[in-house]
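The values are calculated or read from the model by the stated rules, or taken from the named source; none is laboratory data. Everything quoted here is computed from the prediction, not taken from an experiment. Virtual Cβ from ideal backbone geometry, glycine too; neighbours counted across all protein chains shown. We work out accessible area using only protein heavy atoms, side chains counted, and drop any ligands, DNA or RNA first. Shrake-Rupley method; radii C 1.70, N 1.55, O 1.52, S 1.80 Å.
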Amino acid sequence: MFLDFRELRPRERYKLMTATVVPRPIAFVSTRSAGGHGNAAPFSFFNVFSEDPPLLVLGLEGRRGGGLKHTTENILRTGEFAVNLVDEALAEAMSVCAADWPGEVDEIEASGLTAAQAVEIDAPRIAEAPVSFECRRHVTLEFSARRHLVVGEILAMHARDGLIDPDTLRLDWAAYAPVGRLYANRYIRTHDVFTLDVPEPAGTG
């Protein structure tokens with residue numbers, strides 16, 4: 001089967017891309033609005049990009065009714081945001097924040113979560129998140145009125161107590177229990193894990 005993306009509608013491309021590029025990590029992004037309250041929304045067009053410098057990337061789409069999402073507006077205005085990662089305990093509240101709330105609503109409060117003070121940025125982080133990255137916008141690329149790509153520099157990281165060994169910096173995977181995005185309203189747990197060793201090519205040992 002061959003599909004020419006130039007002949008497909010954007011919604012059809014989105015359907016195919018999100019159903020096949022799975023699972024995707026979830027960036028539960030928190031920002032501060034122009035009115036001073038917290039804003040939070042999940043995005044699954046997201047990943048880390050580089051460790052030197054420490055960078056992550058966010059793909060931000062427009063609102064269903066047109067215009068920019070509040071997260072995009074806030075990042076463009078302040079240059080600051082926190083990326084909170086999502087575990088099983090946080091998934092339901094994350095889904096609440098995915099709704100199209102009015103701009104004056106504090107989604108962190110509306111979802112029953114707790115805004116915590118960040119150290120390096122003014123934007124709040126989410127206290128219940130297992131991991132949060134404090135970020136400053138490095139560069140923004142505007143591909144269309146509905147699509148922005150934000151590259152953020154990670155300034156600092158917060159982790160739930162006991163999640164990371166302070167001496168080895170190793171993560172307790174069993175205690176983490178992250179979830180990933182599939183498509184539509186489907187998500188995936190990460191309980192079924194297997195290992196693969198990279199083989200040594202013959203003659204190079």
- Message: Given the condition in contact with a Phe, Trp or Tyr (Cβ under 6 Å, 6 or more places away or on another chain) and in contact (Cβ under 8 Å) with a residue 12 or more places away in the chain, answer yes or no: does some residue in the range 164-173 qualify?
- Response: no
- Note on the structure: Of the residues in the range 61-113, those that are small (Gly, Ala, Ser) and touching a Gly at 6+ places or on another chain (Cβ under 7 Å) number 1
- Query: Taking ALA40 and the conditions (1) out of contact with any helix residue (DSSP H, G or I) (no Cβ under 6 Å at 6 or more places or on another chain); (2) at negative phi, which numbered condition does it fall short on, given that it satisfies the others?
  - Reply: (1)
- Given VAL151, VAL179, which one is in contact with an Asp or Glu (Cβ under 9 Å, 6 or more places away or on another chain), in contact (Cβ under 8 Å) with a residue 60 or more places away in the chain and either within 25 Å of SER132 (Cβ to Cβ) or in a strand (DSSP E or B) (or both)? VAL179
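Got a sec? Which of GLU153, GLU88 is open to solvent by 50 Å² or more (accessible area, probe 1.4 Å), at pLDDT 95 or above and closer than 20 Å to GLY180 by Cβ? First the steps, then the outcome.
Values: GLU153 fails: closer than 20 Å to GLY180 by Cβ.
The match here is GLU88.
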- Message: For the range 156-169, give me the residue count where each residue is open to solvent by 80 Å² or more (accessible area, probe 1.4 Å) and either touching a Leu at 6+ places or on another chain (Cβ under 6 Å) or under 17 Å from LYS69 (Cα atoms) (or both).
- Response: 0
- Message: Looking only at helices (runs of 4 or more DSSP H) that lie completely in the range 22-113, which have at least 3 residues being more than 12 Å from GLY152 (Cβ to Cβ) and touching an Asp or Glu at 6+ places or on another chain (Cβ under 8 Å)?
- Response: 91-97
- Query: When the residues of the range 114-148 are filtered to those that are open to solvent by 40 Å² or more (accessible area, probe 1.4 Å), among the small types (Gly, Ala, Ser) and part of a loop (DSSP other than H, G, I, E, B), which remaining residue is modelled with the lowest pLDDT?
  - Reply: ALA145
